[in-house]
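Right, one structure below, let's go through it.
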Amino acid sequence: MRKIKKSQVLVALVLLMGSGTAAFLAVQAAQSRAAAIKIPFERYSLPNGLTVILSPDAATPTVAVDVWYRVGSKNEVVGRTGFAHLFEHVMFTGSGHVPYGIHDKLTEGVGGSNNGTTSNDRTTYYETVPSNYLESALWLESDRMGFLLDTLDITKLNAQRDVVKNERRQSYDNQPYGLASEILSNTTYPASHPYHWSVIGSMQDLSAASEDDIKNFFRLYYTPNNAILTVVGDFETAQAKAWITKYFGDVPRGKPVVRPAAPPVTLGNETRLVYEDRVQVPRLYILWPTVGEKSDDRFALQVLDALTAGPRTTRLTKALVYDQQAAAAVGTSQDSSEDVGEFLITITPRPGHSLTELEAAADAILDKVKAEGPTAEEIQRATAGLEFSFVSGLQSNLGKSFRLATGAGFHNDPGYFRTEYEKMLAVTPADVKRVANKYLTRGRVVLSVVPMGKLDQASKPSESKLVKGAGQ
């Protein structure tokens, strides 16, 4: 006899029963599966304010060390942007007791890895090393936290400033469609809003920043009381604590950090823009402001994203790419920063099909979701994909360290992954219908990126305002 999966039974019950019963069943199933994910951890703080999270796991003889600073582009100010990302580069150029090149030698040189990333909200630096190199990794991170400025001079700073400028040229200014994200954020958020500018910053601001400007930024934000140290992997807890006290305990506490006000944004009307780029094919971007990390609506919006575009059975992809063959590619994303979020649709047309046509077709499909909601089967497929991605991210020590640090940083709970997992799996068709109607309104930004001299290829060109990119 063919075995019936629990998920198939749940879908059948949801189809047969009312929305209240469906929601109850979804919550019960989500709680059961969430309880199966176990990441043991211990959290404590040093006297200087450093938050420490330890999660021993002897499955492999490796250990991940992650230092999560609560500083990103939103902590910058108008006219002085790009500092957080600049430090992502400067942090790898040596510190007071670590000459340039030693960081790589003690991580990549022993078979491990190291890197860093910067977002609007946080900057994180991390290593994965063989377990017997844990002390070295802790020493490296403590030295750049406490002694980076000892070796940072104008020559080193200018070299990294030029590296970042070149990265901006490659990723934004000279990249086909590269300025679309910056145009969208500049339009969605007021000029004084912390999410208005891009993480990489502007050429003008990077050039204008003085040595004192940049060093003062470091002194304020890269301090123990503004950081979370997470260690995950094969280590002995008592020894790890002793090393952490030894290397981080004497780093002085910094000044209290005042968090910037970053209120959610609601657009009252539709803004239509067209940008001329050195591209061969036009592309359409439709962005709605949504919610950040603190809102539970983001879980239903993530499911809406997952059932709207991606695999060939999703609404927009099936209709526009396969059935109508009007689009070469369709993408959606629901991205939540700490304070704000965006739901974005990106559509690239096939020859013979216009952006105006594709915008109307996409709107019609979304209107049907708003009117009828998704099916229970769509919810099951979408959440299965999200669940797979979530669990896959926990396979490595580094992935677990990211999840623990993010929970502590944004929710004051390293174990928030359990709540997040449960709420993601408990989303119902009614939840998705509600958020689609609440957020996918006429208050949006519609951007057409068209080839140079082809303004007529914009969606509704007569209603679209020409916008210039950086340096134009």
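Where strands (runs of 3 or more DSSP E) sit wholly within the stretch 36-151, those with at least 2 residues that are in contact with a Ser or Thr (Cβ under 9 Å, 6 or more places away or on another chain), closer than 15 Å to F248 by Cα and not hydroxyl-bearing (S, T, Y) occupy 51-56, 62-69. Flag: R403 matches the condition of being open to solvent by 60 Å² or more (accessible area, probe 1.4 Å) and in contact (Cβ under 8 Å) with a residue 24 or more places away in the chain.
Among residues of the stretch 426-446 being small (G, A, S) and in a helix (DSSP H, G or I), the one that is surrounded by the fewest Cβ atoms within 10 Å (Cβ to Cβ) is A430.
Among the residues of the stretch 416-471, which ones are polar (S, T, N, Q) and within 16 Å of T356 (Cα to Cα)? Give the steps one after another, and end with the answer.
Taking the stretch 416-471 as the starting set, the residues that turn out to be polar (S, T, N, Q) are 419, 428, 437, 441, 448, 457, 459, 462, 464.
Within the stretch 416-471, S448, Q457, S459, S462, S464 meet the criteria.
For the stretch 210-241, a residue qualifies if it is open to solvent by 40 Å² or more (accessible area, probe 1.4 Å), in a helix (DSSP H, G or I) and within 20 Å of V71 (Cβ to Cβ), and the qualifying residues are E211, D212, D213, N216, R219, L220, N225. If you check S207, S185 for being at pLDDT 95 or above and assigned to a helix (DSSP H, G or I), only one passes: S185.
Residues that are over 22 Å from G341 (Cβ atoms), open to solvent by 50 Å² or more (accessible area, probe 1.4 Å), assigned to a loop (DSSP other than H, G, I, E, B) and among the charged types (D, E, K, R) occur in the stretch 278-286; there is at least one. Residues of the stretch 43-52 that are farther than 19 Å from T419 by Cβ, open to solvent by 70 Å² or more (accessible area, probe 1.4 Å) and of a type outside the set (S, T, Y): P47 alone. Considered as a group, the residues in the stretch 72-92 that are of a type in the set (A, V, I, L, M, F, W, C) and farther than 15 Å from I200 by Cβ include one that is least open to solvent (accessible area, probe 1.4 Å), and that residue is M91. Under the condition of being modelled with pLDDT of 95 or more and part of a loop (DSSP other than H, G, I, E, B), which residue from the stretch 447-470 is most open to solvent (accessible area, probe 1.4 Å)? Only one residue fits best here, namely M452. Of the listed requirements (1) open to solvent by less than 50 Å² (accessible area, probe 1.4 Å); (2) farther than 30 Å from Y247 by Cα; (3) in a loop (DSSP other than H, G, I, E, B); (4) out of contact with any strand residue (DSSP E or B) (no Cβ under 7 Å at 6 or more places or on another chain), Q175 misses just one: (1). Suppose we filter T356, T346 for residues that are among the polar types (S, T, N, Q), part of a helix (DSSP H, G or I) and surrounded by fewer than 23 Cβ atoms within 10 Å (Cβ to Cβ); which single one remains? Testing whether each residue is among the polar types (S, T, N, Q), part of a helix (DSSP H, G or I) and surrounded by fewer than 23 Cβ atoms within 10 Å (Cβ to Cβ) leaves just T356.
Within the stretch 152-172, track down each residue that is outside any helix (DSSP H, G or I) and among the hydrophobic types (A, V, I, L, M, F, W, C). Hit for the stretch 152-172 is L152, nothing else.
The residue that is least open to solvent (accessible area, probe 1.4 Å), counting only those in the stretch 93-131 that are within 23 Å of P61 (Cβ to Cβ) and among the charged types (D, E, K, R), is E127.
The single condition among (1) closer than 14 Å to D277 by Cβ; (2) open to solvent by 40 Å² or more (accessible area, probe 1.4 Å) that S207 does not satisfy is (1).
Would you be able to say whether some residue in the stretch 319-329 is at negative phi, open to solvent by 50 Å² or more (accessible area, probe 1.4 Å) and either touching a Phe, Trp or Tyr at 6+ places or on another chain (Cβ under 9 Å) or touching a residue at least 24 places away in the same chain (Cβ under 8 Å) (or both)? Yes, there is a match, as at least one residue in the stretch 319-329 is at negative phi, open to solvent by 50 Å² or more (accessible area, probe 1.4 Å) and either touching a Phe, Trp or Tyr at 6+ places or on another chain (Cβ under 9 Å) or touching a residue at least 24 places away in the same chain (Cβ under 8 Å) (or both). Could you tell me whether any residue of the stretch 419-432 is modelled with pLDDT of 95 or more, out of contact with any Asp or Glu (no Cβ under 8 Å at 6 or more places or on another chain) and within 23 Å of G72 (Cβ to Cβ)? Yes - at least one qualifying residue is present in the stretch 419-432. Taking L152, is it crowded, with 20+ Cβ neighbours inside 10 Å and more than 26 Å from the chain's Cα centre (by Cα)? Yes, satisfied.
The values are calculated or read from the model by the stated rules, or taken from the named source; none is laboratory data. Since this is a predicted model, take the numbers as computed values, not measurements. All Cβ positions, even for glycine, are placed from backbone atoms using ideal geometry, and neighbour counts span all protein chains on display. Remember, those area values only see protein heavy atoms, side chains included, never the ligands or the DNA or RNA. Shrake-Rupley method; radii C 1.70, N 1.55, O 1.52, S 1.80 Å.
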